[in-house]
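Participant: Take a look at this one; I'll ask things after.
The values are calculated or read from the model by the stated rules, or taken from the named source; none is laboratory data. All values reported here derive from a predicted model rather than from experimental measurement. Reconstructed Cβ throughout: ideal geometry from the backbone, glycine too, with neighbour counts over all protein chains shown. Surface areas here come from the heavy atoms of the whole protein model, side chains and all, with no ligands, DNA or RNA. Shrake-Rupley method; radii C 1.70, N 1.55, O 1.52, S 1.80 Å.
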Amino acid sequence: MAEQYPPTTWGHHQLTWGQQTHVMGIVNVTPDSFAGDGLLRDGLSEAALVQRAIILAQRFVAEGALLLDIGGESTRPGAPTVSVEQELARVIPVIKALYEISPAAVMISIDTYKAEVAEQALNAGACIINDTWALRHDPEMAAVASKHAVPVALMANMRGYKKRDIVSDVVRFLARSIDQALDAGIAWEHIIIDPGIGFGTTPEENLTLLRRLGELRALGRPILLGNSRKSTIGKVLGGLPASERLEGTAASVALGIAQGADIVRVHDVHEMMRVVKMSDAIVRGTFTLTDNVMPPKGTN
């Protein structure tokens, strides 16, 4: 069972830990997401792209997502690098639009490893940085997070890392990034950690990380788990494409919560909210017995 850390509070936002698992809905403003859910298409106008993102985000919020993670560059292996200008052109209009219409309780996260993108995203309405390089890629990222006094999710990225024991490697990687964050003035309470499923790790290593996820609790910070539709699920289930990995994702989300995950980052919010509610009832003992049916998928 997850430890109950003190709440993370900043601005008018608060994330509480230990009482429930928070759901983060993925909004990929890209043309090449591995999961097949990228909203960007050739010839699509900015206004049309923003509208597609709004429709998806509003659906996620109606289905129970507390956080919306906006990303403008695919992180799949082999994906082309996107310039700062391209990434800004994709995410800033979406963040501005979502900030204007989203309920106050909903938190917008910017999924980037570039400090300039994070800076402008925070100015546009984002309130969390989700850094897939844990402050290691851009030396200015820690300063941006510190200046804005926002939470930052530090994700272990094993690409190019000489690995020995994957869990110990991830713990060491994250411990160094935590030290870097603290040295930059980022508050201890603002640090979230992510094991980095699929980022420079083999399927076998991913399964080990999921099986031993609870060992990351030694770092003393809440855990974000991003395993939705990952290729390891497809391989375990006989080569299933991303569109058919729902049940595998559900199993790994449930077991991740049992191991201590505090936030789950998912593509399928409606289905994973049901998984989260059931898992929390068992693992955390937080539930309300009711005969009321949860809203059908996509209803507002």
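Participant: Being more than 24 Å from Ile128 (Cβ to Cβ) and either crowded, with 17+ Cβ neighbours inside 10 Å or of a type in the set (S, T, N, Q) (or both) is the filter here; which residues of the stretch 168-200 pass it? Full working, then the answer.
Facilitator: Taking the stretch 168-200 and keeping what is more than 24 Å from Ile128 (Cβ to Cβ), we get 168-169, 172.
Ser168, Asp169 - these are the residues of the stretch 168-200 that are more than 24 Å from Ile128 (Cβ to Cβ) and either crowded, with 17+ Cβ neighbours inside 10 Å or of a type in the set (S, T, N, Q) (or both).
Participant: Which pairs turn up if I take residues in the stretch 80-97 that are assigned to a loop (DSSP other than H, G, I, E, B) and look for partners that are buried (at least 19 other Cβ atoms within 10 Å of the Cβ) with beta carbon separation below 7 Å, at least 6 apart in sequence or on another chain?
Facilitator: From the stretch 80-97, the pairs are Val82/Gly72; Val82/Glu73.
Participant: Assess whether Ala104 counts as being touching a residue at least 24 places away in the same chain (Cβ under 8 Å), open to solvent by 40 Å² or more (accessible area, probe 1.4 Å), closer than 22 Å to Arg59 by Cα and not in a helix (DSSP H, G or I). I'd like the intermediate steps shown before the answer.
Facilitator: Working: touching a residue at least 24 places away in the same chain (Cβ under 8 Å): yes; open to solvent by 40 Å² or more (accessible area, probe 1.4 Å): yes; closer than 22 Å to Arg59 by Cα: yes; not in a helix (DSSP H, G or I): yes.
Considered against the rule, which asks whether it is touching a residue at least 24 places away in the same chain (Cβ under 8 Å), open to solvent by 40 Å² or more (accessible area, probe 1.4 Å), closer than 22 Å to Arg59 by Cα and not in a helix (DSSP H, G or I), Ala104 comes out as yes.
Participant: Further question: Condition first: of a type in the set (Val, Ile, Thr) and open to solvent by 10 Å² or more (accessible area, probe 1.4 Å). Now tell me which residues in the stretch 58-92 satisfy that.
Facilitator: Here is the first cut: in the stretch 58-92, the residues of a type in the set (Val, Ile, Thr) are 61, 70, 75, 81-82, 84, 91-92.
Matches in the stretch 58-92: Val61, Thr75, Thr81, Val82, Val84, Ile92.
Participant: Of all residues being of a type in the set (Gly, Ala, Ser) and assigned to a helix (DSSP H, G or I) in the stretch 201-234, which is farthest from Asp131 (Cα to Cα)? Just the residue, please.
Facilitator: First pass over the stretch 201-234, keeping only residues of a type in the set (Gly, Ala, Ser): 214, 218, 220, 226, 228, 231, 234.
Among the residues that remain, those that are also assigned to a helix (DSSP H, G or I) are: 214, 218, 231, 234.
Numbers: Gly214: 21, Ala218: 21, Ser231: 21, Gly234: 25 Å.
Across the stretch 201-234, the extreme among qualifying residues is Gly234.
Participant: Could you say which residue among Ala181, Ala156 is among the aliphatic types (A, V, I, L, M), farther than 24 Å from Pro31 by Cα, in contact with a His (Cβ under 9 Å, 6 or more places away or on another chain) and modelled with pLDDT of 95 or more?
Facilitator: Values: Ala156 fails: in contact with a His (Cβ under 9 Å, 6 or more places away or on another chain).
Of the residues listed, the single one that is among the aliphatic types (A, V, I, L, M), farther than 24 Å from Pro31 by Cα, in contact with a His (Cβ under 9 Å, 6 or more places away or on another chain) and modelled with pLDDT of 95 or more is Ala181.
Participant: Give the residues of the stretch 1-41 that are small (Gly, Ala, Ser), assigned to a loop (DSSP other than H, G, I, E, B) and at pLDDT 90 or above, sorted by residue number. Explain how you work it out, then say what you get.
Facilitator: Initial filter on the stretch 1-41 (small (Gly, Ala, Ser)): 2, 11, 18, 25, 33, 35-36, 38.
Then keep just the ones that are assigned to a loop (DSSP other than H, G, I, E, B); that gives 2, 11, 18, 33, 35-36, 38.
If the condition is that a residue be small (Gly, Ala, Ser), assigned to a loop (DSSP other than H, G, I, E, B) and at pLDDT 90 or above, then Gly11, Gly18 are the ones that fit.
Participant: Scan the stretch 262-300 residue by residue and report those that are assigned to a loop (DSSP other than H, G, I, E, B) and modelled with pLDDT of 80 or more. Walk me through how you get there before you give the answer.
Facilitator: First, the residues of the stretch 262-300 that are assigned to a loop (DSSP other than H, G, I, E, B): 267-268, 284-300.
Listed by number, the residues that qualify are His267, Asp268, Arg284, Gly285, Thr286, Phe287, Thr288, Leu289.
Participant: Right, next: Within the bounds of the stretch 150-157, is there any residue that is more than 20 Å from Leu68 (Cα to Cα) and either of a type in the set (Ser, Thr, Tyr) or crowded, with 19+ Cβ neighbours inside 10 Å (or both)?
Facilitator: First, pick out the residues of the stretch 150-157 that are more than 20 Å from Leu68 (Cα to Cα): 156-157.
Retained after the next criterion (residues that are either of a type in the set (Ser, Thr, Tyr) or crowded, with 19+ Cβ neighbours inside 10 Å (or both)): 156-157.
The answer is yes; a qualifying residue exists.
Participant: Hey, could you check the stretch 121-141 for residues that are surrounded by 24 or more Cβ atoms within 10 Å (Cβ to Cβ) and under 19 Å from Ile193 (Cβ atoms) and say which is nearest to the chain's Cα centre (by Cα)?
Facilitator: Initially, the stretch 121-141 is screened for residues surrounded by 24 or more Cβ atoms within 10 Å (Cβ to Cβ), giving 121, 126, 128-131, 134-135, 141.
Now restrict to residues that are under 19 Å from Ile193 (Cβ atoms): 128-131, 134-135, 141.
Working: Ile128: 10, Ile129: 10, Asn130: 7, Asp131: 9, Ala134: 13, Leu135: 16, Met141: 17 Å.
It comes out as Asn130.
Participant: Tell me, yes or no, whether the stretch 152-163 has at least one residue that is more than 21 Å from the chain's Cα centre (by Cα) and farther than 26 Å from Glu116 by Cβ. I'd like the intermediate steps shown before the answer.
Facilitator: Start the filter on the stretch 152-163 by keeping residues that are more than 21 Å from the chain's Cα centre (by Cα), which leaves 160-163.
Pick out the ones that are also farther than 26 Å from Glu116 by Cβ and you get 162-163.
Yes, the conditions are met somewhere in the stretch 152-163.
Participant: Of the residues Leu240, Leu225, Leu209, Leu255, which single one is surrounded by fewer than 22 Cβ atoms within 10 Å (Cβ to Cβ) and under 19 Å from the mean Cα position of the chain (by Cα)? Outline the logic, then answer.
Facilitator: Numbers: Leu240 fails: under 19 Å from the mean Cα position of the chain (by Cα); Leu225 fails: surrounded by fewer than 22 Cβ atoms within 10 Å (Cβ to Cβ); Leu209 fails: surrounded by fewer than 22 Cβ atoms within 10 Å (Cβ to Cβ).
The unique qualifying residue is Leu255.
Participant: Among the residues of the stretch 213-222, count how many are open to solvent by 30 Å² or more (accessible area, probe 1.4 Å) and farther than 11 Å from Val171 by Cα.
Facilitator: Here the count works out to 0.
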